[in-house]
Amino acid sequence: MIMAGGACTMQEPLPVDAALPALANAHYEALAAALARVGLQGARAVSVLRYNPGKRCTLAVASDTDRCIVKLFADAATVLAVSTVHNVLAGAGLASGRGPTVPRLIGLDTDAALIVTEMYAAAPATELVERGDADRAGRLAAQWLRAAIKPGVALGDPYDPPHVLDDVQRYVRTIGSAAGELGARAGAVRDQLAANMPPPGYTDLRHGGFYLSHVFDLVDGPGVIDWDTFRQGPVEVDAGMLCAAARWEMYRPEYERATQRAIAVFLDEVDDLVDPARLRWYRTAALLKFASHRARRGAGDLAASLISDAEKVLCGTQ
């Protein structure tokens, strides 16, 4: 494969996906032209980091002098929305390159529906947990949450309790279909969430997919990536997601103690920012999300463990 500006070394095959303009055919003309338009000239290696068929694909692109992240979407509207988020955070002083920060926005191309950002040469918080520095992982996540109080803008779809319950209903259906014996337990948690909906709280721009793997250690603070799931909601949206996602991402038994430590440090650091009852509510909903993911993939034991966590969090025993 030859790309505009020089030869391209493929580390693994790119998918062909008619729903993504940049990957619509096996020759990848749209991708090549778009990378040239945003200034990525010269020989480069392209590898796939993550691929969600029909929705998005994340590439690592190595040019002559740098490495970048290229995110491909199904439509230009998503590209423009994500770039707006980056610009808003830049206006709030959260895109300086020094933590807390989001990655530098290098360019975008609406024809190919892609956006290009810098690629961090740093460790994600999941790696910190793995190597025994759970305290720092928790503090970095908390530092971002505290800094992100600043923007004060209405961006993203609302994620208030009624919208969350719509998602929870879907999670419960998935769990019931994939692991029938767990469906009743998940449904009981859903019923408790429905009976105890908290008031919305102060809403603002939230990440929406605030995972430890999205938080990087830039030494002077956190760098937070992957903003295409942004939404509008209370701070507990991201706080609850971080706690639930940590259990989902770091599910191996050898990391359980360190993961719980990272969560505990994070919660201690953000204690003054969150409402405890609202946090339990959003955290419980997020745990059902990840239980549905695991159930759908046949990991019934882990799905059961996540549902147990949801039951304990909701009643305040975890």
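Based solely on its DSSP helices, what 222 nm [θ] is calculated for the chain when runs of n ≥ 4 H residues each add -39,500 (n - 2.57) and the sum is averaged over all residues, nearest 500 deg cm²/dmol?
-14500 deg cm²/dmol
Indicate the gyration tensor shape class of segment 196-318 (rounded, prolate or oblate), computed on the Cα atoms with a ≥ b ≥ c the square roots of the eigenvalues: a/c under 1.5 is rounded; otherwise a/b larger than b/c is prolate and the rest oblate.
rounded
How many percent of DSSP beta bridges within the chain run antiparallel, rounded to 5?
Within the chain, antiparallel bridges account for around 85 percent of the total.
Could you give the dipole magnitude of the chain about its Cα centre, charging the beta-carbon of Lys and Arg +1 and that of Asp and Glu -1, in debye to the nearest 20?
340 debye
Rounded, prolate or oblate: pick one for segment 238-303, where a ≥ b ≥ c are the square roots of the eigenvalues of its C-alpha gyration tensor, a/c under 1.5 means rounded, and failing that, prolate if a/b is larger than b/c, else oblate.
Note, shape of segment 238-303 comes out oblate.
Quote the charge dipole size of segment 16-103 about the Cα centre in Debye, to the nearest 20; the model charges only the Cβ of Lys and Arg (+1) and of Asp and Glu (-1).
In debye, rounded to 20, segment 16-103 gives about 220.
Cα to Cα, under 21 Å, and not fewer than 8 places away if on the same chain: which lysines meet these conditions relative to Lys312?
Straight-distance partners of Lys312: Lys289.
In segment 139-294, if the dipole is taken from +1 on Lys/Arg beta carbons and -1 on Asp/Glu beta carbons about the Cα centre, which of Leu288, Ala141, Ala184 is farthest to the positive end?
Ala184
Which Cα, out of Ala154, Trp227, Met250, lies furthest along the positive dipole direction of segment 124-270 (beta carbon charges, K/R +1, D/E -1)?
Among Ala154, Trp227, Met250, the one farthest towards the positive end of the dipole of segment 124-270 is Met250.
Please enumerate, by chain and number, the aspartates and glutamates with C-alpha under 19 Å from the C-alpha of Lys71, excluding those fewer than 8 residues away in the same chain.
Answer for Lys71, where 19 Å is the Cα cut-off: Glu12, Asp17, Glu29, Asp109, Asp111, Glu118, Asp226, Asp228, listed by chain and number.
Between segment 137-214 and segment 243-311, what is the separation of their alpha carbon centroids in Å?
11 Å
Report the one residue of Phe73, Ala95, Pro15 whose Cα lies farthest in the direction of the positive end of the charge dipole of the chain (charges on C-beta: Lys and Arg +1, Asp and Glu -1; origin at the Cα centre).
Pro15
What percentage of the solvent-accessible surface of segment 135-284, computed with a 1.4 Å probe over protein heavy atoms, is contributed by carbon and sulfur atoms?
The nonpolar share, carbon plus sulfur, comes to 51 percent.
For Cα extents along the principal axes in Å, one of (1) 57, 43, 35; (2) 84, 56, 34; (3) 59, 42, 39 was computed from the structure I shared and the rest are decoys. Which label?
Among (1) 57, 43, 35; (2) 84, 56, 34; (3) 59, 42, 39, the one calculated here is (3).
Angle, helix 300-315 long axis vs. longest principal axis of the chain, Cα atoms, 0 to 90°, nearest 10?
Between helix and principal axis, roughly 60 degrees.
Quick check on segment 162-210: take the gyration tensor over C-alpha atoms, sort the square-rooted eigenvalues as a ≥ b ≥ c, and tell me if it's rounded (a/c under 1.5), prolate or oblate.
Oblate, since a/c reaches 1.5 and b/c is not below a/b.
Relative to the longest principal Cα axis of the chain, at what angle does helix 180-195 sit, 0 to 90 degrees, rounded to 10?
In the chain, helix 180-195 runs at an angle near 80 degrees to the longest axis.
Compute the accessible area per residue over the chain, keeping the other protein chains in place, probe 1.4 Å, unit Å².
43 Å²
The values are calculated or read from the model by the stated rules, or taken from the named source; none is laboratory data. Worth saying up front: this structure is predicted, and the values here are computed from it rather than measured. For neighbour counting, all protein chains shown are included, and Cβ atoms are generated from backbone atoms with ideal geometry for every residue, glycine included. Quick note on the areas: whole protein, heavy atoms, side chains included, nothing else; ligands and nucleic acids left out. Shrake-Rupley method; radii C 1.70, N 1.55, O 1.52, S 1.80 Å.
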